[in-house]
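Participant: Before I ask anything, let me first share the structure, which is written out below as structure tokens.
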């Protein structure tokens, strides 16, 4: 595996500030969404859930662990892939299976948050975490070796 595929070259300083803000805010939100799930990762959907426990655990890990990875800017491609998969499923579930609207007009669900996080994951996968991240630091250190 090439170094560039694991740690993409960071964009400009200005763009990196934007990515830092996006990563930290989205990452903290994801950690908050995943906190309750990570407490009981194999059964957070309840005993009658049609989703197998190992898939529930993957979702809990991608939300809490992926959020932490985004905050730190560490292993962002891997974390983003996990979040992408989780949010693709959530978007499909809310939009197609449940038929929720894009934006909720009341107490019902919507697929807006899942789709928004899915798009953030695509940005992190394609652009990377930016200069102000553990990944950029590692890239620089490994390039010297």
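Participant: Sort 100, 135, 40 so the one with the fewest other Cβ atoms within 10 Å of its own Cβ comes first.
Facilitator: Numbers: 100 18, 135 23, 40 14.
Least crowded to most crowded, the residues run 40, 100, 135.
Participant: Order by neighbour count: 44, 70, 35, fewest other Cβ atoms within 10 Å first, most last.
Facilitator: Values: 44 18, 70 30, 35 13.
Sorted ascending by nearby Cβ count, the order is 35, 44, 70.
Participant: Could I ask something else about it? In square nanometres, what is one fourth of the surface area of the convex hull spanned by the alpha carbons of the chain? Working shown, then result.
Facilitator: On the way: hull surface 39.5 nm².
Projected area, direction-averaged: 9.9 nm².
Participant: Still on this structure, I have one more. Rounded if a/c is under 1.5, else prolate if a/b beats b/c, else oblate: with a ≥ b ≥ c from the C-alpha gyration tensor eigenvalues square-rooted, which is segment 49-130? Intermediate results must be reported in sequence, preceding the final value.
Facilitator: Details: a/c = 2.42, a/b = 1.48, b/c = 1.64.
Cα axes put segment 49-130 in the oblate bin.
Participant: What ranking do 93, 64, 30, 54 get, fewest neighbouring Cβ atoms within 10 angstrom at the top? Don't jump to the answer; show the numbers that get you there.
Facilitator: Details: 93 15, 64 21, 30 27, 54 10.
Ascending number of Cβ neighbours within 10 Å: 54, 93, 64, 30.
Every read-out reported here was derived from the displayed coordinates using simple, explicitly stated rules and does not represent laboratory data. Being a predicted model, the structure only gives us computed values, none of them experimental. All Cβ positions, even for glycine, are placed from backbone atoms using ideal geometry, and neighbour counts span all protein chains on display.
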